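Student: Supplied in structure tokens, the structure appears directly below.
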């Protein structure tokens with residue numbers, strides 16, 4: 001029996017046929033009731049209330065970048081997509097259509113949440129097989145899930161990571177070290193993690209190399225294929241946090257050879273909080289021990305305890321899928337985010353990540369040059385392809401608060417650092433506004 005049908009049967013047992021509002025077909029499609037108006041709205045035939053009229057003309061095949069038509073007009077220069085990306089008009093419409101269906105609005109049309117279709121689109125975006133991808137709550141969730149599946153920290157061993165990895169993961173590997181795992185930290189030099197330093201750190205007996213493909217700190221990008229080649233030659237596996245790569249930097253997971261990768265959807269995937277993706281390379285899935293027993297990972301289920309069940313010697317007979325979902329899928333996912341991603345991934349695939357990255361680099365290359373000329377302490381390597389530029393700046397929060405507010409610029413400002421990140425809707429006027437604000441800050 002297909003796994004999605006198994007979920008339907010399980011829900012039926014516990015909810016009762018009269019109360020069951022979700023059913024599943026072989027594409028893991030969630031079906032609800034919406035109105036005829038909702039269907040027309042989703043198709044762009046009727047603009048949504050409160051959304052600009054341009055929503056009716058937006059498509060998933062935008063023209064030349066910058067693409068301002070696909071997003072609400074902003075009175076400020078938004079240079080913070082690396083923290084959380086604005087929702088497009090189409091994504092908002094997709095979310096509203098889903099939420100209207102949850103309100104059981106009148107009408108007989110069926111709403112189909114194409115869960116499996118979103119997995120397929122993401123797999124195309126990063127070049128992975130569908131059975132190597134599953135949903136997770138967040139990047140951090142995915143990273144910790146595969147570590148447990150490798151038996152860490154209990155099994156011990158040697159891990160190599162670096163100081164440009166996600167700062168939220170630093171305590172994770174410090175805890176690994178406290179629990180008996182040998183952890184080697186490769187430190188950055190001039191905002192880069194040198195390959196020769198990685199090569200020295202990775203040795204026979206190394207179990208795992210863990211890194212951020214593109215660093216959230218400064219946009220440094222590893223040569224992931226070379227790192228994977230070095231690690232695999234030593235018998236090690238490789239994990240990459242790809243939250244700052246997928247959707248904004250050309251990425252081919254199969255070509256890199258990476259074993260695990262995770263990322264959330266609220267940044268460059270133009271989604272929202274509460275949902276991400278975990279990739280587990282097919283060839284390494286057999287090395288994982290089972291640490292999750294979620295019903296979305298099941299391949300079969302037959303109970304023996306309810307009225308009219310077939311008798312059996314166990315409470316239930318069950319099995320798990322032989323894929324990433326079988327190892328890592330748990331329970332309910334964020335359906336509203338899936339609805340948003342269904343639109344946003346279409347947008348990214350139609351635009352092309354190469355096109356998005358080329359547009360971003362026209363902005364970031366200029367910004368890096370201007371900041372260097374003005375004497376700012378660049379943290380981002382000049383050769384970085386990432387759509388972000390970071391600088392070290394003492395007392396940044398205190399010194400930049402008023403100039404940025406006066407200039408109408410929003411970006412990430414930390415205690416002694418600032419980071420501007422651009423996307424498909426940004427243009428040179430946004431860069432000018434930022435530079436003017438920085439000039440006033442002195």
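Quick note: the coordinates plus some simple rules give every number you see, no bench work behind them. The model shown is predicted, which means the values in this text are computed figures rather than measured ones. We place every Cβ from the backbone using ideal geometry, glycine too, and count neighbours over all the protein chains shown.
Student: Using a 10 Å cut-off around each Cβ, can you sort 318, 239 from fewest to most neighbouring Cβ atoms?
Tutor: Working: 318 16, 239 27.
If I rank by nearby Cβ atoms, fewest first, I get 318, 239.
Student: Could I ask something else about it? Using r as the Cβ-Cβ distance of residue 415 and residue 382, and R0 as 30 Å, what FRET efficiency do you calculate, to the nearest 0.05? If you can, show how the numbers build up before the last one.
Tutor: On the way: r = 25 Å, r/R0 = 0.82.
The formula returns an efficiency of 0.75 here.
Student: Given the Cα-Cα distance of residue 374 and residue 282 and 0.36 nm per residue of separation, how much length would full extension add, in nm?
Tutor: Full extension from residue 374 to residue 282 adds 28.2 nm.
Student: Here's a follow-up. Quick check on the exposure proxy: order 132, 313, 154 from fewest to most C-beta atoms within 10 angstrom.
Tutor: In order of increasing Cβ crowding within 10 Å: 313, 154, 132.
Student: Quick one: compute the contact order of the range 352-441, relative version, from alpha carbon pairs under 8 angstrom and 6+ residues apart, as a percent. Spell out each step's value before the answer.
Tutor: Working: 121 pairs, mean separation 26.8, N = 90.
It rounds to 30 percent for the range 352-441.
Student: Note down the Stokes-Einstein diffusion coefficient of the range 133-202 in µm²/s, whole number, using a Kirkwood radius over alpha carbon pairs, 20 °C, and 1.002 mPa s.
Tutor: Numbers: Rh = 13.2 Å.
The calculation lands on 163 µm²/s.
Student: Could you check what % of the DSSP bridge pairs in the range 117-335 are antiparallel, to the nearest 5? Walk me through the intermediate numbers first.
Tutor: Details: 16 of 32 bridges.
Looking only at bridges with both residues in the range 117-335, the antiparallel portion is about 50 percent.
Student: Related question: Please give the peptides 419-427, 96-104, 271-279 ranked by average Cβ packing (other Cβ atoms within 10 Å per residue), highest first, as a rough proxy for protection.
Tutor: Highest to lowest by the protection proxy: 419-427, 271-279, 96-104.
Student: Modelled label-to-label distance, residue 252 and residue 203, 7 Å Cα→beta-carbon offset: nm?
Tutor: The two pseudo-label positions are separated by 3.5 nm.
Student: Sort 81, 169 so the one with the fewest other Cβ atoms within 10 Å of its own Cβ comes first.
Tutor: Values: 81 24, 169 19.
By the 10 Å Cβ count, ascending, the order reads 169, 81.
Student: Okay, moving on. If you take the beta carbon distance between residue 316 and residue 291 as r and set R0 to 25 Å, what does 1/(1 + (r/R0)^6) give as a FRET efficiency, to the nearest 0.05?
Tutor: Values: r = 20 Å, r/R0 = 0.79.
In this case the efficiency is close to 0.80.
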